[in-house]
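Undergrad: Here's a structure for you.
The values are calculated or read from the model by the stated rules, or taken from the named source; none is laboratory data. Every value quoted in this text rests on a predicted model; they were computed, and no experiment measured them. Note that each Cβ is placed from the backbone with ideal geometry, even for glycine, and that neighbours are counted across all protein chains shown. In case anyone asks, the SASA skips ligands and DNA or RNA and just uses the protein heavy atoms, side chains included. Shrake-Rupley method; radii C 1.70, N 1.55, O 1.52, S 1.80 Å.
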Amino acid sequence: MGLLDRFKQALVAGDAEAAAGLAGEVAARDTYSAGRILAALSSAMEEVGAKYETGEYFIPEMLRSAAAVEAALQVLDPYLFERRPDHAGVVVMGTVRGDVHNIGKNIIVSALRAAGYRVYDLGVNVSAAKFVAKVKEVNADLLLLSAFTTSTKQALMDVISALGEAGLRGRVKVVSGGAAHSPELAREVGVDAFAGDVKSTLAACRELMGGA
Ligand code: B12
(Lines give C-alpha, C1' and ligand atoms only; values in the text may rest on other atoms or scores of the structure.)
Protein backbone atom coordinates (compact mmCIF):
# COMPACT_ATOMS: atom_id res chain seq x y z
CA MET A 1 0.00 0.00 0.00
CA GLY A 2 1.31 3.47 -0.90
CA LEU A 3 2.18 6.10 1.67
CA LEU A 4 -0.84 8.29 0.88
CA ASP A 5 -3.15 5.26 1.20
CA ARG A 6 -1.69 4.40 4.59
CA PHE A 7 -2.11 8.03 5.61
CA LYS A 8 -5.76 7.92 4.53
CA GLN A 9 -6.32 4.68 6.38
CA ALA A 10 -4.96 6.17 9.63
CA LEU A 11 -7.35 9.12 9.27
CA VAL A 12 -10.35 6.88 8.63
CA ALA A 13 -9.35 4.72 11.61
CA GLY A 14 -9.09 7.85 13.76
CA ASP A 15 -5.50 7.08 14.81
CA ALA A 16 -4.12 10.58 15.44
CA GLU A 17 -0.64 9.40 16.35
CA ALA A 18 -0.23 7.32 13.19
CA ALA A 19 -1.79 10.08 11.07
CA ALA A 20 0.65 12.69 12.42
CA GLY A 21 3.60 10.32 11.88
CA LEU A 22 2.56 9.51 8.32
CA ALA A 23 1.91 13.22 7.64
CA GLY A 24 5.54 13.81 8.62
CA GLU A 25 6.68 11.14 6.15
CA VAL A 26 4.50 12.62 3.40
CA ALA A 27 6.01 16.06 4.04
CA ALA A 28 9.55 14.69 4.10
CA ARG A 29 9.22 12.94 0.73
CA ASP A 30 8.56 16.05 -1.32
CA THR A 31 6.88 14.05 -4.09
CA TYR A 32 3.26 14.84 -3.32
CA SER A 33 1.64 18.10 -4.40
CA ALA A 34 -0.38 20.08 -1.85
CA GLY A 35 -3.47 19.29 -3.93
CA ARG A 36 -2.93 15.53 -3.70
CA ILE A 37 -2.33 15.62 0.04
CA LEU A 38 -5.44 17.69 0.68
CA ALA A 39 -7.49 15.48 -1.64
CA ALA A 40 -6.41 12.47 0.46
CA LEU A 41 -7.56 14.27 3.63
CA SER A 42 -10.91 15.19 2.08
CA SER A 43 -11.54 11.74 0.71
CA ALA A 44 -10.71 10.14 4.08
CA MET A 45 -13.29 12.35 5.77
CA GLU A 46 -15.84 11.69 3.04
CA GLU A 47 -15.37 8.00 3.77
CA VAL A 48 -15.88 8.67 7.48
CA GLY A 49 -19.05 10.65 6.69
CA ALA A 50 -20.35 7.77 4.56
CA LYS A 51 -19.62 5.25 7.33
CA TYR A 52 -21.56 7.45 9.74
CA GLU A 53 -24.50 7.70 7.42
CA THR A 54 -24.66 3.94 6.90
CA GLY A 55 -24.50 3.33 10.66
CA GLU A 56 -21.02 1.75 10.65
CA TYR A 57 -19.55 4.72 12.55
CA PHE A 58 -21.05 6.67 15.42
CA ILE A 59 -20.21 10.13 16.73
CA PRO A 60 -17.17 9.06 18.84
CA GLU A 61 -15.50 7.40 15.81
CA MET A 62 -16.20 10.48 13.73
CA LEU A 63 -14.72 12.79 16.34
CA ARG A 64 -11.61 10.59 16.57
CA SER A 65 -11.16 10.96 12.80
CA ALA A 66 -11.68 14.71 13.08
CA ALA A 67 -8.94 14.83 15.73
CA ALA A 68 -6.66 12.77 13.46
CA VAL A 69 -7.21 15.28 10.63
CA GLU A 70 -6.33 18.11 13.00
CA ALA A 71 -3.16 16.33 14.15
CA ALA A 72 -2.15 15.71 10.53
CA LEU A 73 -2.85 19.31 9.50
CA GLN A 74 -0.69 20.58 12.35
CA VAL A 75 2.23 18.66 10.90
CA LEU A 76 1.41 19.49 7.28
CA ASP A 77 0.51 23.19 7.54
CA PRO A 78 4.05 24.60 7.75
CA TYR A 79 5.19 22.30 4.95
CA LEU A 80 2.27 23.19 2.69
CA PHE A 81 2.79 26.89 3.32
CA GLU A 82 6.53 26.71 2.72
CA ARG A 83 5.97 25.54 -0.82
CA ARG A 84 4.07 28.66 -1.83
CA PRO A 85 5.45 31.58 0.10
CA ASP A 86 3.92 34.21 -2.22
CA HIS A 87 1.13 36.39 -0.96
CA ALA A 88 -2.07 35.64 -2.84
CA GLY A 89 -4.54 37.62 -0.71
CA VAL A 90 -6.04 38.08 2.75
CA VAL A 91 -8.87 35.75 3.76
CA VAL A 92 -11.17 35.64 6.76
CA MET A 93 -12.90 32.30 7.22
CA GLY A 94 -15.21 30.62 9.71
CA THR A 95 -18.30 28.47 10.20
CA VAL A 96 -21.43 30.57 10.63
CA ARG A 97 -23.45 30.98 13.83
CA GLY A 98 -25.41 27.92 14.96
CA ASP A 99 -23.12 25.50 13.17
CA VAL A 100 -20.21 23.59 14.74
CA HIS A 101 -18.90 21.53 11.81
CA ASN A 102 -15.24 22.30 11.19
CA ILE A 103 -13.52 19.45 9.35
CA GLY A 104 -14.22 20.73 5.82
CA LYS A 105 -13.48 24.28 6.91
CA ASN A 106 -10.10 23.26 8.31
CA ILE A 107 -9.21 21.51 5.07
CA ILE A 108 -10.08 24.63 3.05
CA VAL A 109 -8.05 26.81 5.44
CA SER A 110 -5.00 24.58 4.89
CA ALA A 111 -5.53 24.53 1.13
CA LEU A 112 -5.71 28.32 0.99
CA ARG A 113 -2.59 28.67 3.15
CA ALA A 114 -0.82 26.23 0.86
CA ALA A 115 -1.87 28.37 -2.10
CA GLY A 116 -0.26 31.44 -0.51
CA TYR A 117 -3.22 33.19 1.14
CA ARG A 118 -2.97 34.68 4.60
CA VAL A 119 -5.95 33.11 6.35
CA TYR A 120 -7.56 34.27 9.60
CA ASP A 121 -9.59 31.30 10.84
CA LEU A 122 -12.30 32.42 13.29
CA GLY A 123 -13.41 28.88 14.15
CA VAL A 124 -17.03 27.73 14.43
CA ASN A 125 -20.34 29.27 15.52
CA VAL A 126 -19.11 32.71 14.45
CA SER A 127 -21.48 35.68 14.71
CA ALA A 128 -22.02 38.18 11.89
CA ALA A 129 -20.53 40.93 14.08
CA LYS A 130 -17.34 38.92 14.61
CA PHE A 131 -16.92 38.28 10.87
CA VAL A 132 -17.43 41.96 10.09
CA ALA A 133 -15.00 43.13 12.78
CA LYS A 134 -12.26 40.82 11.49
CA VAL A 135 -12.82 41.74 7.83
CA LYS A 136 -12.42 45.37 8.82
CA GLU A 137 -9.42 44.80 11.10
CA VAL A 138 -7.33 42.88 8.56
CA ASN A 139 -8.75 44.57 5.45
CA ALA A 140 -9.69 41.19 3.99
CA ASP A 141 -9.97 40.59 0.25
CA LEU A 142 -12.14 37.51 0.70
CA LEU A 143 -14.59 36.28 3.31
CA LEU A 144 -15.24 32.52 3.26
CA LEU A 145 -18.27 31.20 5.06
CA SER A 146 -18.74 27.53 5.89
CA ALA A 147 -22.30 26.35 6.42
CA PHE A 148 -23.11 22.67 6.80
CA THR A 149 -26.73 22.58 7.84
CA THR A 150 -29.62 24.06 5.86
CA SER A 151 -30.81 25.88 8.98
CA THR A 152 -27.83 28.23 8.64
CA LYS A 153 -29.44 30.17 5.78
CA GLN A 154 -30.46 32.99 8.11
CA ALA A 155 -26.97 33.12 9.61
CA LEU A 156 -25.47 33.53 6.12
CA MET A 157 -27.95 36.30 5.32
CA ASP A 158 -27.10 38.05 8.59
CA VAL A 159 -23.41 38.17 7.61
CA ILE A 160 -24.23 39.67 4.21
CA SER A 161 -26.47 42.35 5.69
CA ALA A 162 -24.00 43.15 8.48
CA LEU A 163 -21.29 43.66 5.86
CA GLY A 164 -23.64 46.03 4.03
CA GLU A 165 -24.42 47.98 7.18
CA ALA A 166 -20.70 48.36 7.89
CA GLY A 167 -20.16 49.66 4.34
CA LEU A 168 -17.87 46.71 3.51
CA ARG A 169 -19.96 44.70 1.05
CA GLY A 170 -18.37 46.34 -1.98
CA ARG A 171 -14.86 45.85 -0.63
CA VAL A 172 -14.83 42.17 0.24
CA LYS A 173 -15.85 39.23 -1.94
CA VAL A 174 -17.84 36.54 -0.19
CA VAL A 175 -17.63 32.81 -0.95
CA SER A 176 -19.74 30.15 0.71
CA GLY A 177 -19.62 26.37 0.80
CA GLY A 178 -20.06 23.26 2.91
CA ALA A 179 -22.24 20.16 3.00
CA ALA A 180 -25.99 20.72 2.66
CA HIS A 181 -25.21 24.00 0.92
CA SER A 182 -26.08 24.51 -2.73
CA PRO A 183 -25.48 27.00 -5.54
CA GLU A 184 -29.20 27.89 -5.31
CA LEU A 185 -28.92 28.69 -1.61
CA ALA A 186 -25.78 30.71 -2.28
CA ARG A 187 -27.62 32.73 -4.94
CA GLU A 188 -30.56 33.37 -2.64
CA VAL A 189 -28.27 34.51 0.14
CA GLY A 190 -26.35 36.78 -2.21
CA VAL A 191 -22.73 35.65 -1.97
CA ASP A 192 -20.32 36.22 -4.86
CA ALA A 193 -19.42 32.57 -5.39
CA PHE A 194 -20.14 29.08 -4.16
CA ALA A 195 -17.75 26.14 -4.26
CA GLY A 196 -18.03 22.49 -3.36
CA ASP A 197 -14.50 21.17 -2.89
CA VAL A 198 -10.86 22.19 -2.53
CA LYS A 199 -10.19 22.54 -6.23
CA SER A 200 -13.26 24.63 -7.06
CA THR A 201 -12.73 26.78 -3.96
CA LEU A 202 -9.19 27.65 -5.03
CA ALA A 203 -10.44 28.39 -8.56
CA ALA A 204 -13.24 30.65 -7.27
CA CYS A 205 -10.86 32.55 -4.98
CA ARG A 206 -8.34 33.01 -7.76
CA GLU A 207 -11.03 34.35 -10.07
CA LEU A 208 -12.40 36.74 -7.44
CA MET A 209 -8.87 38.00 -6.80
CA GLY A 210 -8.72 38.92 -10.47
CA GLY A 211 -6.48 36.04 -11.55
CA ALA A 212 -7.04 33.72 -14.48
C1 B12 B 1 -18.81 14.94 10.88
C2 B12 B 1 -20.24 15.41 10.97
C3 B12 B 1 -20.66 15.93 12.20
C4 B12 B 1 -19.72 16.07 13.40
C5 B12 B 1 -18.86 17.34 13.19
C6 B12 B 1 -17.47 17.20 13.77
C7 B12 B 1 -16.61 18.36 13.36
N8 B12 B 1 -15.60 18.60 14.19
O9 B12 B 1 -16.78 19.00 12.36
C10 B12 B 1 -20.73 16.24 14.58
C11 B12 B 1 -20.99 14.87 15.17
C12 B12 B 1 -20.33 17.20 15.69
C13 B12 B 1 -21.99 16.70 13.83
C14 B12 B 1 -23.05 17.36 14.44
C15 B12 B 1 -24.24 17.67 13.79
N16 B12 B 1 -24.56 17.38 12.50
CO17 B12 B 1 -23.31 16.69 11.20
N18 B12 B 1 -22.35 15.78 9.89
C19 B12 B 1 -21.14 15.33 9.85
C20 B12 B 1 -20.92 14.60 8.48
C21 B12 B 1 -21.14 13.10 8.71
C22 B12 B 1 -19.58 14.78 7.82
C23 B12 B 1 -19.14 16.23 7.63
C24 B12 B 1 -17.69 16.26 7.21
O25 B12 B 1 -16.80 16.53 8.00
N26 B12 B 1 -17.43 15.90 5.94
C27 B12 B 1 -16.07 15.80 5.36
C28 B12 B 1 -15.58 17.15 4.85
C29 B12 B 1 -14.20 17.01 4.23
O30 B12 B 1 -16.49 17.57 3.85
P31 B12 B 1 -17.32 18.92 3.95
O32 B12 B 1 -17.60 19.23 5.37
O33 B12 B 1 -18.46 18.85 3.04
O34 B12 B 1 -16.29 20.02 3.43
C35 B12 B 1 -15.88 20.07 2.06
C36 B12 B 1 -16.78 20.95 1.19
O37 B12 B 1 -18.09 21.10 1.70
C38 B12 B 1 -16.04 22.24 1.06
N39 B12 B 1 -16.24 23.32 2.04
C40 B12 B 1 -16.39 23.24 3.36
N41 B12 B 1 -16.51 24.48 3.89
C42 B12 B 1 -16.42 25.35 2.87
C43 B12 B 1 -16.46 26.74 2.88
C44 B12 B 1 -16.33 27.44 1.69
C45 B12 B 1 -16.38 28.92 1.70
C46 B12 B 1 -16.17 26.73 0.49
C47 B12 B 1 -16.08 27.48 -0.77
C48 B12 B 1 -16.13 25.31 0.48
C49 B12 B 1 -16.25 24.64 1.68
O50 B12 B 1 -14.69 21.85 1.12
C51 B12 B 1 -14.51 20.75 2.01
C52 B12 B 1 -13.40 19.88 1.48
O53 B12 B 1 -13.76 19.25 0.28
C54 B12 B 1 -22.06 15.24 7.61
C55 B12 B 1 -22.60 14.38 6.49
C56 B12 B 1 -21.80 14.50 5.23
N57 B12 B 1 -21.61 13.40 4.57
O58 B12 B 1 -21.36 15.60 4.89
C59 B12 B 1 -23.12 15.53 8.67
C60 B12 B 1 -24.12 16.67 8.43
C61 B12 B 1 -23.44 17.90 7.88
N62 B12 B 1 -24.59 16.94 9.80
C63 B12 B 1 -25.86 17.21 9.86
C64 B12 B 1 -26.58 17.51 11.06
C65 B12 B 1 -28.07 17.67 10.92
C66 B12 B 1 -25.91 17.64 12.30
C67 B12 B 1 -26.55 17.96 13.64
C68 B12 B 1 -27.64 19.03 13.64
C69 B12 B 1 -27.03 16.62 14.17
C70 B12 B 1 -27.88 16.62 15.38
N71 B12 B 1 -29.14 16.33 15.14
O72 B12 B 1 -27.36 16.88 16.46
C73 B12 B 1 -25.33 18.41 14.49
C74 B12 B 1 -25.10 19.92 14.28
C75 B12 B 1 -24.69 20.66 15.44
C76 B12 B 1 -24.45 22.08 15.00
N77 B12 B 1 -25.12 22.99 15.66
O78 B12 B 1 -23.70 22.35 14.10
C79 B12 B 1 -26.52 17.14 8.49
C80 B12 B 1 -26.96 18.48 7.89
C81 B12 B 1 -28.25 18.30 7.13
C82 B12 B 1 -28.93 19.57 6.74
N83 B12 B 1 -29.43 19.54 5.53
O84 B12 B 1 -29.02 20.50 7.46
C85 B12 B 1 -25.47 16.31 7.66
C86 B12 B 1 -25.42 16.65 6.16
C87 B12 B 1 -25.83 14.81 7.86
C88 B12 B 1 -27.17 14.42 7.27
N89 B12 B 1 -27.17 13.84 6.11
O90 B12 B 1 -28.18 14.63 7.88
N91 B12 B 1 -21.93 16.38 12.50
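Undergrad: When the distances between all Cα atoms of segment 89-208 are binned every 5 Å from zero, what whole-number percent does each bin get?
TA: Answer for segment 89-208: a P(r) of 2, 13, 27, 28, 22, 8, 0 percent.
Undergrad: Which one of Leu112, Ile37, Val91 is farthest out on the positive end of the charge dipole of the chain, using unit charges on Cβ (Lys, Arg +1; Asp, Glu -1) and the Cα centre as origin?
TA: Most positive-ward Cα: Val91.
Undergrad: Take the Cα radius of gyration of the chain and divide it by 2.2 N^0.38 Å, with N its residue count; two decimals is plenty.
TA: Relative to the 2.2 N^0.38 Å estimate, the chain comes out at 1.01.
Undergrad: So how strong a dipole does the chain carry about its Cα centre when Lys and Arg Cβ are +1 and Asp and Glu Cβ are -1, to the nearest 20 debye?
TA: The calculated dipole for the chain is roughly 580 debye.
Undergrad: State the extension gain, in nm to one decimal, for the chain segment bounded by Met1 and Ile59, taking 0.36 nm per residue of separation less the distance between their alpha-carbons.
TA: Working it through step by step, the gained length comes to 18.1 nm.
Undergrad: Quick one: compute the contact order of the chain, relative version, from alpha carbon pairs under 8 angstrom and 6+ residues apart, as a percent.
TA: The value is 17 percent.
Undergrad: At 7 Å along Cα-to-Cβ for each site, give me the label-to-label distance between Met209 and Ser182 in nm.
TA: 3.1
Undergrad: Now, a different point. Using only alpha carbons, build the gyration tensor for segment 3-83 and give me the equivalent ellipsoid semi-axes, biggest first, whole Å.
TA: Each semi-axis is the square root of five times an eigenvalue, giving 23, 12, 10 Å.
Undergrad: Also, quick follow-up: Find how much the distance from Asp30 to Arg171 grows on full extension, using 0.36 nm per residue of separation minus their present alpha carbon separation; answer in nm with one decimal.
TA: 47.0 nm
Undergrad: Determine the relative contact order of segment 89-208: mean sequence separation of Cα pairs under 8 Å and six or more apart, normalised by residue count, in whole percent.
TA: It rounds to 27 percent for segment 89-208.
Undergrad: Just to confirm, what accessible area per residue do you get for segment 1-112 at 1.4 Å probe, in whole Å²?
TA: Solvent-accessible surface per residue comes out at 49 Å².
Undergrad: Can you give me the % of accessible surface on the chain that is carbon or sulfur? Probe 1.4 Å, all protein chains present, nothing else counted.
TA: Of all accessible area on the chain, carbon and sulfur atoms account for 52 percent.
Undergrad: Assuming 0.36 nm per residue, please report the length gained on full extension of the stretch Val90 to Glu137 beyond their Cα-Cα distance.
TA: Fully extending the segment from Val90 to Glu137 adds 15.8 nm.
Undergrad: May I pose another question? Listed highest first by mean packing, meaning other Cβ atoms within 10 Å per residue, what order do 137-146, 176-185 come in?
TA: My ranking of the peptides, most packed first, is 137-146, 176-185.
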